[in-house]
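See below for the structure under consideration.
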Amino acid sequence: MKGCLHRAVILLLCLSTLGIAKVCEASDESIRAEIAELKARISQLEKKLNQQQEVVARQDEEIEGLKQAGILPALEGINIGGGATFVVQGTIDANATGSKGEDVTDGSYSVDLELEKSFDNGGTFFIHLEGGEGNGVMDSDELDLFSGVNKDATGGDAKMELAEVWYEHNFSDNLFVTFGKLDATCYFDTNSIANDETTQFLADMFKNSPVLEFPDNGPGIRLGFLLAEKIELGLGFLDANADWEDLGDDIFVIGQINFKPNLFQKEGNYRFYGWVNDTDHTRLLDSTRTKEEGYGFGLSFDQEFTDALITFFRFGWQTDEVYNCDMSWSGGFQLTGEPWGRDEDVLGLAVGQLMPGDDYGKAGNPDHNEGHFEAYYNIYINENLSISPDLQVIWNPKGVGSSGQGRDDTIVILGVRTQIDF
């Protein structure tokens, strides 16, 4: 700011020198006019400089006041982010009782707001607010399937709730402890390209394994260990009922090991896990046995092959004594638009099957493998907006593989997803 005044003085001296050179040719009256104009300009510059100095002084006072009140330190290190997702889907030949043979178009939206605060002592505090409205075409009157087609749909009327709130502490970069209201899908059965319904695959079975009975978000603790540079171990203990009542009576336990080999000089994750959910389950073939537990195991792989291409594969199994489906598999790839000059665009394709268990079939239910295919193309508009056309095809819906078992027509779902981030 002082430089402005210095330049003004130098300009004054230069112009004054020029004025002296013109003394012989100019009248006294013109010289006085030029000097008066220069003085006025310098006066304006001084006034502007004083105003700027006053603004800076007020800002310094406000910052000092925030520091003394303890507000500024509390705000430092806070990251705030969020987004909104809008999905419209139309299905050809709906198969549920209320809409058999009809073409149905429904929509849904969701909103996420996240706040994260990091501390110098290695701790992190996190809050996630989530809301939305709409069931989409998975309303019970429209599609009857083992696995849904819009994992982003929040269901029913408009609502907003605290989805997650937790504290995590990092002990020497080798041990992580997280506790609070947790979403177990953020730590277990994860995948780099098939785990986010807002930007990746929309179908439920490609977001997480459909034969892994995760509890709803609720009280829990997660332990993470770095056993070696390329090996991670995770353990999770959550309230299986997610209701904050009688903690410990019903519990969901999961353990996972993740190997990270540097295959093809590219990153990869090879996760293996096992789990138990000891809430009360009823046996499919013996309704008098209502105190059974559920359990299973699975794997989730993702591997980069090039800077543009990443593949994934999942497999899961759970006991068929208490669950309709006992096995599932899925696989696919994600390809960025770099080969065709759209570096930020993403193409994703996936296919998989859900397999009804033996006991489900013995109980008289259709037991063909329900197949799913999904393809999406995420069009990058700018850093805040993307649009994704989406196609899903489902065959043998709810295990129905012949007309004698019910409506066995292949279901086609066309949709578009709009994602807004900030």
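For this structure, a couple of remarks:
- Violating pairs (Cα-Cα greater than 22 angstrom) within the set LYS151/LYS260; LYS159/LYS181; LYS117/LYS181; LYS151/LYS398: LYS151/LYS260
- Highest-fluctuation residue, SER118, SER147, SER30 considered, GNM on the chain with Cα pairs under 10 Å: SER30
- Evaluated at q = 0.10 Å⁻¹: base-10 log I(q)/I(0), Debye formula over Cα of segment 276-422: -0.51
- Residues with amide H under 5 Å from that of GLY357, placed H, sequence gap 5 or more: CYS325, ASP326
- With kT/(6 pi eta Rh) evaluated at 10 °C and eta = 1.306 mPa s, and Rh the Kirkwood radius from Cα pairs, the chain diffuses with a coefficient of 61 µm²/s according to Stokes-Einstein.
- Candidates GLY331, GLY364, GLY156: whichever shows maximal mean-square fluctuation once the chain is modelled as a Gaussian network with Cα springs under 10 Å: GLY364
- Rotationally averaged projected area of segment 330-397 (alpha carbon convex hull; nm²): 5.9 nm²
- Dipole moment magnitude, nearest 20 debye, segment 202-280 about Cα centre, only Lys, Arg, Asp, Glu C-beta charged: 900 debye
- About the Cα centre, charge dipole magnitude for the chain (Lys/Arg +1, Asp/Glu -1 at Cβ), debye: 1860 debye
- 14 Å beta-carbon shell around LEU175, net charge (K/R +1, D/E -1): -2
- Based on alpha-carbon atoms, the Kirkwood radius and the radius of gyration of segment 252-295 give Rg/Rh equal to 1.35.
- Shown in residue order for segment 192-198 are the 3J(HN,Hα) couplings computed by the Karplus curve 6.51 cos²θ - 1.76 cosθ + 1.60 at θ = phi - 60°: 6, 10, 9, 7, 9, 6, 7 Hz (x for Gly and Pro).
- Local electrostatic count, ASN79, Cβ distance below 10 Å [Lys/Arg +1, Asp/Glu -1]: -1
- Using the Cα coordinates of segment 152-277, the gyration tensor eigenvalues translate into equivalent-ellipsoid semi-axes of 25, 20, 14 Å, sorted from longest to shortest.
- Computed from point charges on the beta carbon alone (+1 for Lys and Arg, -1 for Asp and Glu), the dipole magnitude for segment 282-422 about its Cα centre is near 520 Debye.
- In the chain, the longest principal axis of the Cα atoms and the axis of helix 28-69 are about 40 degrees apart.
- A simple count of charges around LEU335, restricted to other residues whose Cβ falls under 12 Å of its Cβ and scoring Lys, Arg +1 and Asp, Glu -1, yields -4.
- Rounded to the nearest angstrom and listed largest first, the equivalent-ellipsoid semi-axes of segment 95-149 from its Cα gyration tensor are 40, 11, 6.
- Normalised convex hull volume, segment 213-287, alpha-carbon set, Å³ per residue: 116 Å³
- Qualifying lysines (Cα of each under 25 Å from Cα of LYS47; at least 8 residues distant if same chain): LYS2, LYS39
- Using the rule -39500 (n - 2.57) for each DSSP H run of four or more residues, divided by the residues of the chain, the 222 nm mean residue ellipticity is -6000 deg cm²/dmol.
- Sorted largest first, the principal axis extents computed over the alpha-carbon atoms of segment 280-348 equal 62, 17, 15 Å.
- C-alpha long axis of helix 2-21 to longest principal axis of the chain, angle in °: 30 degrees
- Rg and Dmax, both from the Cα atoms of segment 129-198 and both in Å, are 16.2, 53.
- Candidates GLU245, GLU161, GLU61, ranked by Gaussian network fluctuation over the chain, Cα under 10 Å, top entry: GLU61
Taken together, the values in this text are just the output of simple stated rules run on the coordinates, not laboratory data. The structure displayed is predicted, hence computed values, not measured ones. Backbone-built Cβ (ideal geometry, glycine too); neighbour counts: all protein chains shown.
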